[in-house]
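Participant: There's a structure below that I have some questions on.
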Amino acid sequence: MIAVPSPRTPLVAMVGGGQLARMTHQAAIALGQSLRVLANAADEPAAQVSPDVVIGSHTDLEDLRRVAAGANVLTFDHEHVPPDLLDKLVAEGINVAPPPHALLHAQDKLVMRRRLEELGAPVPRYLGIESSEGIDELDIFAATVDVPIVVKAARGGYDGKGVRVADDAAQARDIARDYLASGISALIEERVVLRRELSALVARSPFGQGAAWPVVETVQRDGICVQVIAPAPDLPEETAAEAQRLALRLAGELGVVGVLAVELFETADGSLLVNELAMRPHNSGHWTMDGSLTSQFEQHLRAVLDYPLGHTDAVAPVTVMANVLGAAQEPAMTVDERMHHLFARMPDARVHLYGKTERPGRKVGHINFVGTDVADAQGLAELRERAELAAHWLSHAQWTDGWDPHAGDDAERSDEEERRR
Ligand SMILES: Nc1ncnc2c1ncn2[C@@H]1O[C@H](COP(=O)(O)OP(=O)(O)O)[C@@H](O)[C@H]1O
Ligand SMILES: [Mg+2]
């Protein structure tokens, strides 16, 4: 059932019922709103918490119309709505943010890469293949770049699905052919020799206001983000400022409304390349929920509603975010009991769970650690270690450092006694 919106508060509708919509709903509450979501099923993360859920598909025009009806603006928790449907909604007068002509650059990696190049953004060397004839160019490309190559599906990928490293040109051809056979173009690119990955997160409003958060380091394992460090440690100030300027410029040039994440590679010589763009709240911004004056979810709402944007300053010298990824085998211990143990050991853990069933490798939550007292590299290393321990515990019910809660209590007690003496 669709709740009747109060005429006094704006109504934001979001396509997708995942964790991003769930956390946007959380931010909406503080602004006196309630997010309306289009979810595939009633048990999706956002559908569990919003009273205003439309059950339907993001590829069905009628369902999209239903979720947009009466809303001030329609926005997204993922980029999978077919562009032609969005054009239809815009033609019907629906305020879509980001607008489809901007969103296209987050929907199709090949369109994105070409546009980035046109706009003068530094990008990895690449080749686009849109038809089987194009496959012949692959050998020349592979010989020219002379490093291993990565083959990406231009559309539909996420969390490293749709990204494959090819051993040689022949294998790259096979992968590209598979994508083409399912009607998806292929983006072939050099495998960049990375020092690390960074993300520049910004927001832009229709009025044209922009706001940039500190540039963060994102740590990936098997193509999936496992940890974020905000701000990116030891990033030269000039490089950080350059990344922020680039992200704000891209948001303006592409006409983004809402949050824009610019995923970056920092190469061995310290220069930056743009990997890809996302036009929605992004995993690299989850730290802002506890570590910044304005969370990315609130900022996204402010931006799509054309409110003035909030301050993006960090509230502590460093914040570490660790993703909770489902274990290969779901532990026998309940999540409830795991939480008891986690909070007993780490009262400063800021836990955000998405209400998802646990499946191997699935993002089921994240934990933020706000490093108020962190003053040096040693302090950061310890905070990162604690974040990793906490996230692993929450998904696996195992302390990888062998911590024993009872021994741990004793140790703390004797510390306490020590201090008292
Ligand atoms: N050209 C590349 N060189 C090196 N690593 C890459 C390259 N492209 C992707 N990766 C790795 O794979 C991850 C996922 O790729 P990405 O294009 O961001 O796809 P997704 O849409 O799944 O996030 C990146 O964060 C990075 O770790
Ligand atoms: Mg990515």
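Participant: Could you check region 154-179 and list, in sequence order, the residues that are near ligand 1 (Cβ under 10 Å from one of its atoms), on the phi < 0 side of the Ramachandran plot and in contact with a strand residue (DSSP E or B) (Cβ under 7 Å, 6 or more places away or on another chain)?
Facilitator: Gly157, Val163, Arg164, Val165
Participant: Same structure again: Does Ala121 qualify as being assigned to a loop (DSSP other than H, G, I, E, B), at pLDDT 95 or above, among the hydrophobic types (A, V, I, L, M, F, W, C) and closer than 30 Å to Asp139 by Cα? So that I can check it myself, show each step before the final result.
Facilitator: Numbers: assigned to a loop (DSSP other than H, G, I, E, B): yes; at pLDDT 95 or above: yes; among the hydrophobic types (A, V, I, L, M, F, W, C): yes; closer than 30 Å to Asp139 by Cα: yes.
So Ala121 fits the description; yes.
Participant: May I pose another question? Considering region 183-214 alone, what residues qualify as being farther than 30 Å from Leu293 by Cβ, away from ligand 2 (no atom under 16 Å from the Cβ) and not hydroxyl-bearing (Ser, Thr, Tyr)? Outline the logic, then answer.
Facilitator: We begin by selecting, within region 183-214, every residue farther than 30 Å from Leu293 by Cβ; these are 183-194.
So of that shortlist, the ones also away from ligand 2 (no atom under 16 Å from the Cβ) come out as 183-186, 188, 190, 193.
If the condition is that a residue be farther than 30 Å from Leu293 by Cβ, away from ligand 2 (no atom under 16 Å from the Cβ) and not hydroxyl-bearing (Ser, Thr, Tyr), then Gly183, Ile184, Ala186, Ile188, Glu190, Val193 are the ones that fit.
Participant: For region 215-270, which positions are more than 18 Å from Met321 (Cα to Cα), within 16 Å of ligand 2 (Cβ to nearest atom) and not hydrophobic (A, V, I, L, M, F, W, C)?
Facilitator: Across region 215-270, the qualifying residue is only Glu266.
Participant: Now for a separate question. In region 137-146, is there at least one residue being within 30 Å of Gly252 (Cβ to Cβ), open to solvent by 50 Å² or more (accessible area, probe 1.4 Å) and in contact (Cβ under 8 Å) with a residue 24 or more places away in the chain?
Facilitator: There is no residue in region 137-146 that is within 30 Å of Gly252 (Cβ to Cβ), open to solvent by 50 Å² or more (accessible area, probe 1.4 Å) and in contact (Cβ under 8 Å) with a residue 24 or more places away in the chain.
Participant: Among the residues in region 273-285, are any away from ligand 2 (no atom under 16 Å from the Cβ), of a type outside the set (D, E, K, R) and either open to solvent by less than 10 Å² (accessible area, probe 1.4 Å) or in contact with a helix residue (DSSP H, G or I) (Cβ under 9 Å, 6 or more places away or on another chain) (or both)? Steps first, answer last, please.
Facilitator: Going residue by residue through region 273-285, those that are away from ligand 2 (no atom under 16 Å from the Cβ) are none.
No, there is no match, as no residue in region 273-285 is away from ligand 2 (no atom under 16 Å from the Cβ), of a type outside the set (D, E, K, R) and either open to solvent by less than 10 Å² (accessible area, probe 1.4 Å) or in contact with a helix residue (DSSP H, G or I) (Cβ under 9 Å, 6 or more places away or on another chain) (or both).
Participant: Give Glu242, Glu266, Glu253 a once-over and let me know the one that is surrounded by 15 or more Cβ atoms within 10 Å (Cβ to Cβ) and touching an Asp or Glu at 6+ places or on another chain (Cβ under 9 Å). Break it down stepwise before answering.
Facilitator: On the way: Glu242 fails: touching an Asp or Glu at 6+ places or on another chain (Cβ under 9 Å); Glu253 fails: touching an Asp or Glu at 6+ places or on another chain (Cβ under 9 Å).
Selected residue: Glu266, the only one of Glu242, Glu266, Glu253 that is surrounded by 15 or more Cβ atoms within 10 Å (Cβ to Cβ) and touching an Asp or Glu at 6+ places or on another chain (Cβ under 9 Å).
Participant: Out of the residues in region 190-209 that are open to solvent by 40 Å² or more (accessible area, probe 1.4 Å), in a strand (DSSP E or B) and more than 10 Å from ligand 1 (Cβ to nearest atom), which is nearest to Asp139 (Cα to Cα)?
Facilitator: Arg195
Participant: Next up: Determine which single condition Val364 fails, assuming it passes every other condition in (1) under 22 Å from the mean Cα position of the chain (by Cα); (2) at pLDDT below 95.
Facilitator: Going through (1) under 22 Å from the mean Cα position of the chain (by Cα); (2) at pLDDT below 95 one by one, Val364 breaks only (2).
Participant: May I pose another question? Looking only at residues in region 124-147 that are assigned to a loop (DSSP other than H, G, I, E, B) and within 16 Å of ligand 1 (Cβ to nearest atom), which one is nearest to the chain's Cα centre (by Cα)? Write out each step before concluding.
Facilitator: To start, the set of residues in region 124-147 that are assigned to a loop (DSSP other than H, G, I, E, B) comprises 124-125, 130-131, 146-147.
Narrowing further to those that are within 16 Å of ligand 1 (Cβ to nearest atom): 124-125, 146-147.
Working: Pro124: 21, Arg125: 24, Asp146: 31, Val147: 28 Å.
Checked region 124-147; the qualifying residue nearest to the chain's Cα centre (by Cα) is Pro124.
Participant: Going through region 307-332 one residue at a time, which ones are open to solvent by less than 50 Å² (accessible area, probe 1.4 Å) and over 30 Å from Gln33 (Cα atoms)?
Facilitator: At the first step, the residues of region 307-332 found to be open to solvent by less than 50 Å² (accessible area, probe 1.4 Å) are 309-310, 312, 314, 316, 318-327, 331.
Within region 307-332, Val318, Leu325, Gly326, Ala327, Pro331 meet the criteria.
Participant: What are the residues in region 107-135 that are within 16 Å of ligand 2 (Cβ to nearest atom), touching a helix residue (DSSP H, G or I) at 6+ places or on another chain (Cβ under 7 Å) and either farther than 23 Å from Glu266 by Cα or open to solvent by less than 30 Å² (accessible area, probe 1.4 Å) (or both), if any?
Facilitator: Here is the first cut: in region 107-135, the ones within 16 Å of ligand 2 (Cβ to nearest atom) are 107-113, 116, 121, 123-124, 126.
With touching a helix residue (DSSP H, G or I) at 6+ places or on another chain (Cβ under 7 Å) added as a condition, the list becomes 107, 111-112, 121, 123, 126.
The answer is Gln107, Met112, Ala121, Val123.
The values are calculated or read from the model by the stated rules, or taken from the named source; none is laboratory data. As the structure is a prediction and not an experimental result, all values here were calculated from the model. Methodologically, a virtual Cβ is constructed for each residue, glycine included, from the backbone with ideal geometry; neighbour enumeration extends over all protein chains shown. Keep in mind that these areas ignore ligands, DNA and RNA; they rest on the heavy atoms of the full protein, side chains included. Shrake-Rupley method; radii C 1.70, N 1.55, O 1.52, S 1.80 Å.
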